[in-house]
Each structure stands twice: as C-alpha cells, then as structure tokens.
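The values are calculated or read from the model by the stated rules, or taken from the named source; none is laboratory data. Predicted model, so just to flag it, every value in this text is computed and none were measured. Accessible surface areas use protein heavy atoms only, side chains included; no ligands, DNA or RNA. Shrake-Rupley method; radii C 1.70, N 1.55, O 1.52, S 1.80 Å.
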Amino acid sequence: MQDINLIDVETKVRLDDDRAIFKRSQEIDSGFLSNLSDMKTESSSEFHRTGDFHKVASIPTVVVEKWFAQGFNIYDPNVKLEDIMKRIHKEDMEHFIATGKRLF
C-alpha cells in the first residue's frame, strides 16, 4: 500500500476598502514531481503493461482552476486528452506528465 500525500489549495483573502481580493496557491513538493517522473520513466519501459487504465498526467487543482478562469474546462466532455496535453506543453508544464507512452 502506498501513502498518498494530498496537496491542498491555500486561499488567502485581503480586504481592500470595499473589495475582497482572493489569492489561491498550491505548494507542489519535489516528492510529488519525483513520483511523476518515476512513473513516466517506468511507463516508457518495454516491459511495462498499461492494462485498462493508464495515468497520463497529474494536474494540480490550482492549475485546473486557472485554466477554468481562462475558459478552458478540462471536465467538459468535449475537451479531448489531446487538448489537455497541448495546453500542458504550451505552458511548459511537462513535469506534470506521468507517461512516456505516445498517446495520439
């Protein structure tokens, strides 16, 4: 059994006259990124079998929320894996990719 460390989003609120300003952040530790890198390396092995499910990426909540605010909803059924992967590459977030397999 593997322990899973959930990474929470932190919200800070600053009151400025008649406005509330929210700042959302999320600490991504090196262990999280190292684990994704290990998964990517392992999935590239010729001996690795993917089975029915294959982890492609692990995108932090704060990134999903940022994309949503920009009009890109990864939960929309019309958004394809290819769209998500293009966005990851476009924003230089390849470290969130968990596979070395060619997907499309």
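Enumerate the calculated ³J(HN,Hα) couplings along the stretch 20-26 in order (Karplus 6.51 cos²θ - 1.76 cosθ + 1.60, θ = phi - 60°), each rounded to whole Hz, writing x wherever the residue is Gly or Pro.
So the Karplus estimates, Gly and Pro as x, are 10, 10, 9, 10, 10, 9, 8 Hz.
How much accessible area per residue does the chain have, counting only protein heavy atoms and a probe of 1.4 Å, in square angstrom?
On the way: 8280 Å² over 104 residues.
Value for the chain: 80 Å² per residue.
Please give the calculated 222 nm ellipticity per residue for the chain, where each DSSP H segment of at least 4 residues contributes -39500 (n - 2.57) and the sum is spread over every residue; nearest 500 deg cm²/dmol? Each step should come with its number before you reach the end.
Details: 3 runs with 33 residues, N = 104.
Roughly -9500 deg cm²/dmol at 222 nm, from the helical runs in the chain.
Rounding to the nearest 10 and keeping the result within 0 to 90°, find how far the Cα-based axis of helix 30-43 lies from the longest principal axis of the chain.
It works out to around 30 degrees.
Can you compute 3J(HN,Hα) from phi for each residue in the stretch 56-67, using the Karplus curve 6.51 cos²θ - 1.76 cosθ + 1.60 with θ = phi - 60°, rounded to whole Hz and x for Gly and Pro?
9, 7, 10, 9, x, 3, 5, 6, 4, 5, 5, 4
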